[in-house]
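In what follows, a single structure is set out as structure tokens and then discussed.
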Amino acid sequence: MQEQITSHRGGPRQIVKFTFFRVDPAWRRLPKEGRERGKDELCAVVAQFGDRLMIRSYSLMGLRGDADFMLWQIGERLEDIRDLHTAIFSTALGPYLHVAYSYLAMTRRSIYVTKEEAGERSLIHPTNSRYLFVYPFVKTRTWYKLSRATRQGIMDEHIAVGRRYPSVKLNTTYSYGLDDQEFVVAFETDEPADFLDLVMELRETEASQYTLRDTPIFTCIAMPLREALDALGAPGDAAISSPPVSQTWRRVLSPEELPANSRRVVYVGGEQVALVNTSDRVLAFSARCPHANGPIADGEIREGVITCPWHGSRFCLETGAPLGGPTSRPLPIFQAQIRQDGIWISYPQR
């Protein structure tokens, strides 16, 4: 498990990277064997880095003319982002990849929301939403000359509009000094029309006049990486279909690293997974609550039920089924085994 970045202002921080790739058309003219090799190698690299980063893949095929697919990466170290990109460009597909857009940011607590809500937004854990809308933006210098009280009042109106669209989940990250923009926002939803209506309504708020730049905007469709690559299309390639899901086992810890009655959080398969050694067995489940991204890895466990410390959502640790509280989504559960050489986790891999 990597050490988390912690600010002197309190709370853990994450590195967040959005990389938009364009594929050279020459790749489509390669023999099918060459194309398949490139896709296989790229998928293997991303799977390998799933032990160090949360990585989500998206297709932009047909949605923009300057980008074909995107990788959303979340982790604790800049070096992991660098190493991932070095490995990507070292694959057989690498020579045909161009970075069309690249955005680097970090999480931090917002000063405009309650302490509890700020805590919910300080760490990102992507949902299973079908669509992601990403864009960077920059505020005018006039905004920063306003008093804190004036800015709070303006943001109160802005936030109130967002709360009228619960189907749209906001992820705000900060780029001050790290990249050319000031913010990168990513909205997850299953309802594109709700996002469109949200943006239209936000244009009418006072905060909108203090936006200097908020383009380009990217509409992304969540897809397993192999499907996103297949969606690039090429002569002789089969029509897109969902590949079978297989369970992959991976060693994540030595037995000494998870003694009886202890807990750890690890990366596996691009997910943050909580491990709990109850002395009888090892439990494995998503480290973040599906309700509001709370730190369920730290939740109280009683009689096979875990309770999220933020809002009290309760889940069965055998099935992940929600048993109470505000949640309606199940908690992802992973299989775990203690073997002679270590602790192994099984996770789905396409």
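Coordinate-derived values only; no laboratory data. Note that the structure is predicted; figures quoted are calculated from it, not measured. Cβ coordinates were reconstructed from backbone atoms using ideal geometry, including for glycine residues, and neighbour counts include every protein chain displayed.
Only Lys, Arg, Asp and Glu count, each charged at its Cβ (+1, +1, -1, -1), so figure out the dipole size of the chain about its Cα centre, rounded to 20 debye.
In total the dipole reaches around 400 debye.
Just want the ordering: Ile81, Ile217, Ile124, Ile296, from fewest to most Cβ atoms lying within 10 Å of their own Cβ.
Numbers: Ile81 20, Ile217 13, Ile124 17, Ile296 24.
Ordered by Cβ neighbours within 10 Å, fewest first: Ile217, Ile124, Ile81, Ile296.
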Please give the charge dipole size of region 246-349, origin at the Cα centre, charges +1 on K and R Cβ atoms and -1 on D and E Cβ atoms. Round to the nearest 20 debye. 180 debye
Lone cysteines in the chain, defined as no other cysteine's Cβ under 4.7 Å from theirs: which are they? Cys43, Cys220, Cys316
Identify which of Asp40, Asp83, Asp51 has the largest mean-square fluctuation in a Gaussian network model of the chain, with springs joining Cα atoms closer than 10 Å. Asp83
Can you work out ³J(HN,Hα) from phi for every residue in region 265-271, in order, using Karplus 6.51 cos²θ - 1.76 cosθ + 1.60 and θ = phi - 60°, giving whole Hz and x for Gly and Pro? 10, 10, 8, 8, x, x, 10
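Find the eigenvalues of the gyration tensor of the Cα atoms of region 246-349, then list the square roots of 5 times those eigenvalues as equivalent ellipsoid semi-axes, largest first, in whole angstrom.
On the way: eigenvalues 102, 44, 25 Å².
Taking √(5λ) for each Cα gyration eigenvalue gives 23, 15, 11 Å.
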Which one, Ser147, Ser328, Ser90, has the greatest fluctuation when you compute a Gaussian network model over the chain with C-alpha springs under 10 angstrom? Ser147
Sorted from fewest to most neighbouring beta carbons within 10 Å, what does the list His125, His98, His311 look like? His98, His311, His125
Treating cross-link reach as a plain straight distance, find the aspartates and glutamates whose alpha-carbon is under 16 Å from the alpha-carbon of Lys39, omitting any fewer than eight places away in the same chain. Asp24, Asp68, Glu227, Asp230, Asp237
Once Thr219 and Thr278 are pulled to full extension, the length gained, defined as 0.36 nm per residue separation minus their Cα-Cα distance, is 16.9 nm
Taking region 257-309 on its own, what percent of its Cα-Cα pair distances exceed 15 Å? 44 percent
Check Arg213: other-chain or 5+ apart residues with amide H under 5 Å from its amide H, H built from backbone geometry? Val138
Anchor Lys169: lysines whose Cα lies under 25 Å away (excluding residues fewer than 8 positions away in-chain): Lys17, Lys115, Lys139
Test of understanding: ordering Lys139, Lys39 by Cβ neighbours within 10 Å, fewest first, what list do you get? Lys139, Lys39
What is the list of residues in region 249-282 whose amide nitrogen lies under 13 Å from a point 7 angstrom out from the Cα of Arg339, following Cα to Cβ? 249-255
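In square nanometres, what is one fourth of the surface area of the convex hull spanned by the alpha carbons of the chain? Spell out each step's value before the answer.
Values: hull surface 75.8 nm².
Over all viewing directions, the chain projects a mean Cα-hull area of 19.0 nm².
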Given Cα pairs under 8 Å that are at least 6 residues apart, what percent is the relative contact order of the chain? 18 percent
